[in-house]
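For reference, the structure is listed below as structure tokens.
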Amino acid sequence: MASAEELRDYLARTAVELRRSKHRLREMEQREREPVAVIGMGCRLPGGIDRPEAFWRLLAEGGDAISEFPDDRGWKAGQLYHPDPDHPGTCTARQGGFLRDATLFDPEPFAITPREAAAMDPQQRIALETAWHTVEHAGLDANDLKDTPVGTFVGVSNQDYLPLLLGNTAARGHALTGTITSVLSGRIAYTLGWTGPALTIDTACSSSLVALHHAARSLRHAECDLALAGGATVLCTPMALTAFSQLRALAADGRCKAFAATADGMGIGEGVVLLMLERLSDAQRHHHPVWAVIRSSFTNSDGRSNGLSAPSASAQRHVIAKALETAGLTAGDIDAVDAHGTGTKLGDPIEAQALLAVYGQRQGEPLWLGSAKSNLGHTQAAAGAASVLKMVLAMRHGTLPESLHIDAPTPLVDWGSGNIRLATRPTPWPALPERPRRAAVSSFGISGTNAHLILEAAPEAPEPPSPGSCTVPRPRAYLLSAHTGAALSAAAAQLAEQVRGEPEPALDDVAHSLAHTRTALPCRAAVVAETAAELTAGLDRIASGGTGFARAERSPRTAFVFPHAVSPSRAGTDLQRLRGFRAAVDACAEAFSPFLTWSLADACAGRAPAPDFGDPAVAGPWGFTFMIAAAAVWQEFGIQLAATIGDGLGAIAAAHVAGSVNLPDSVRLILALSTRTPQQPAEVPPIRWNASATPVHAAADYSIGDRITDASALLHHAARSTSPVPSQGIPDGTGNGAFVTLDCAGVRDAAHVYRELERLHARGVRIDWKETVPAGRRTALPLYPFQRTRYWPDDESAFRAAEPAGTAHRALDRSKATSGDLDGSGESGDIVSIVLGLVASVMAGEGENRPARIPADHTFRELGFDSLLAENLLSGLTSVLKRPVRAGVFSMENTPAELADRLSDDSLGWSEPLAEAGTSLDSLMRSGSDTGQGADVFDLLGVAARLRPRFDDPARSRTRPPLKLSRIPDAPHLICLKTITPTVGDFEYTPLARVLGHSTSMTVLPYPGFAEGEPIPEDFTTLAEAQAEAVLRNAEGKPFTLMGHSSGGLIGYRVAELLEERGTPASALIMGDTAYRHSTTREDLDGVLTMMLNDWGRFFARDNAPLTAMGWYWHLFSQWEPRPISTPTMLIRATEGATSDSAGFHGAWPHADKTVFTPGTHFTMMTRHAARTAAHIAEWLHRYA
């Protein structure tokens, strides 16, 4: 027998365990009842509703979103109606609640190819876009949610898109994942990188409310930290209409008259509604917005009722009672119910009786009853979530909206049996002092699954006061981003409209919300402004596509550039108010003070009469101080240096900022070198050198020079000035990173600094905006402006079966392949154009839904590639490049640019060569190249061309369509004339388009005679007249600038002559390294021929037509003598010869108004060095376009 002490120990242990068990039980009960916050909402609903605010406007105004049948889905709407419900293939209604533009989609933000987009059920497409909007509405950063436990619960039941794809072989490989409903939730989770549960739920009409139920349970059980829940319905065919018509369930006018005496059936509808949910305690801790709270939910089934699709009053009573019990509430604690309420004579009375039995037995205020279906129609799988959205908004606004189309309560219900009223008019919904507003939502599926959910108004939370006001002018940074330039322009326009629409916009709140509640996307812009007017002006510049944004690079390297001399005439005194500037000036002034008789600090601040800046002894200390202070400004904005570059005395400033030389030594060097004379070299004091500092480079002619590695090298470069430093402010698109020039042009005043910060931000440089992004409250912002395109099977261009290789080859022949954001650097700059063209081709098949731009720095996985598209791409490369490509050369983790690099390396990309299919002309060309007879080859091709048909009337010119590299409304239009060498042809200008295409429209014109079946022009004037006509057609009556590279410049100049004679001159002309025809030597032609056959041999078109056309055009040039023209003409001259290892020929033009130089050869200026070439073009366009 146990002793008394053992018994006491046992009882004590039992008591402890009992307390622990009770504690665990309480935790479980609390967890099951833990409130779940609604922190974000998104929707696409009938009537063009695309955001919650628009839905509330409809509700508050008593709006009716019912419309005619859609005319963009191939339904033959005019033949759908028939009054007889038994008539096959027709329906008894003429209207319904349909989504606008359900056929449209923007696949690019989701890395989905156009081909796959066309094979995707629109329910998947619209759900993806709405999911993104819901994340934005919640103020969440999508990048922060990647690889985190976010759940996805979406109700979907309709499956009528697959029949439309049958017979479309281009959809194979994507039709399965594009149409099965299980993939809808999985695609959202996959696209956004969420790792929580992903469930697609089909309980028919109750699907979305059941999805919300399971999402809340998943949050309470810690399966996920956030959950996206809701439903989606889009009708791809009228099948549901005809089916419900045969069941006699459709209202004749397409409207749901819930609980009305005149109810005659339901009005069918569509919609997508998604809510972002989070445990309330987490939402409050993270300071996320709480729109409402889900107190509880419950689901059950009808079981054995009067019929499979017949509702059960007892099951409905049970699900309502259990939801109240789970919430710990009574019927009297609920103010209103948004009912299932479809308007049928069978379902509405059964539902009303169940509501009366549970909610009607209450004292005091009645329960208000309505249905969102009266505004929208029955949105089916989205209906429950639509009702939840309605009640969340109603509680938020303190008004219960009217339920429409109720002439009188239905006589089929005994309304006197309970305290329930129909919401036949807008009703104030005041908050009670003893409890929050509460509402419930019912949703019943035709399958028998019922759901009831109880909502509660968001708990009161102290809202921080907004410091934002347009009455306080101070610099604020407004950060914008998007996936494409077009979307970014649209986003800027939306924000400008919103700011203008507010009498006194809270600017701090806007800046704060842009920085902290939006996801940073690849295409970026920033506006730094002090007032609302400055903000809208900056947004207008971005919206117009003129200036201000670029695609952000991945970790671009930043270098500071210090010139030899700094002119003080352009420096503004307001630089003193920039953080870091004054402190740096004071430090330098103190270091210089023992050696100067004037105040450096006063001179920099403009407080004293300016000293003689023409005196080197003054200019040296002032210029050094200004550059050090300017560098401090940039560093205060968190810009991390990769290198510094210095020219002359600027090398000393570069070394100091890099940390190689301390300030006292720098001052002694500046004083010694700025007071020396050529006859008397300065006595340079010894200095200490920090070898572990940031790299310091000397500036060379238009490029970065040698690395400065010690004090001796520094002195050598500081004692001389070389040439202009390698920078034009911050070049947009260079592959070497971002340059910041620290002179009075680059750091002129505070406004100019902000403009440079805007451009650096657009390039992807990380900037610390703490000084210009103020604290503020979260405020509503415009949602992402998707740039949608039609994807629908009845559009023949959306699907057209084709063999992959043939598709790719024909795509290049038609010049419809489009390329995008790559800097043009590297040896593979030209094959990149071919790779990008083929990528665009296989992504879209032969349809017209081609991507506007293929980002060459995105991985194939990011572009939406799969194994099917990879196989098509490799097949197309083999066909176009005439050599079999190894399968191992392709990786989903590589980019198109990296694939081009590998293809450029013979040891990596190629299998055994295919048999050469060279022509006799091709053989003679190679022989001429080997023997140094390049000029004879050109003569031979010209003679061969005499056997071809010719035209002497420009109207008989036949060419392929022009290539539209970019289309930017109201932007400068650059019409390009390519070189006559048949290399990559139409794609010659794509590297420039990758730099200029965000702010410039670019069109490349083809030449007649370069394709089989096209005649060649009789003479040069006929050619120029034909091209002049093409220029005017493509200009469409708007100003334009001409550009021609190499021999294209000759044609461009002749076209400019003719346009002046006609009185329709170009705004300007740009000639890219064009050589005066009579100055070209036979050796020059040898070099050109060698380059074509060897350097670009893999891409050289060896067909007779382009070869003989090239020879003929070369012959035509000799017939012409150019004359001076009035059109402003700039020659961009390459600093090297035709090839990097030969002198070759340089561009030279006697009639150019301006000649500028760009790095590289005659050919690499358009590829590897395209960014520098583009900078000159942009400057000329800015001046004259």
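Every read-out reported here was derived from the displayed coordinates using simple, explicitly stated rules and does not represent laboratory data. Every value quoted in this text rests on a predicted model; they were computed, and no experiment measured them. Ideal geometry is used to build each Cβ from the backbone, glycine not excepted, and the neighbour counts take in all protein chains shown.
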Quiz prompt | the range 27-56: GluC sites (Glu not before Pro) in DSSP coil with no more than 12 other Cβ atoms inside 10 Å | solution = none
Exercise. Arrange the following residues from fewest to most other Cβ atoms within 10 Å of their Cβ: Phe1157, Phe595.
Key: Phe595, Phe1157
Self-check item: Spatial extent of the range 82-204: Rg and Dmax, with the Cα atoms as the point set, Å
Solution: 16.8, 56
Quiz prompt | Hydrodynamic radius (Kirkwood) for the range 4-48, which is based on Cα pairs only, to one decimal in Å | solution = 14.8 Å
Self-check item: Three-way shape call for the range 84-141 based on the alpha-carbon gyration tensor, with the a/c threshold at 1.5
Solution: oblate
Practice problem: Give the dimensionless ratio obtained when the Cα radius of gyration of the range 348-452 is divided by 2.2 N^0.38 Å. | Solution: 1.08
Quiz item: If each residue's Cβ is checked for other Cβ atoms within 10 Å, how do Leu947, Leu164, Leu507 rank with the fewest at the top?
Solution: Leu947, Leu164, Leu507
Self-check item: Proxy reagent accessibility, fewest Cβ within 10 Å first, across Ser371, Ser403
Solution: Ser403, Ser371
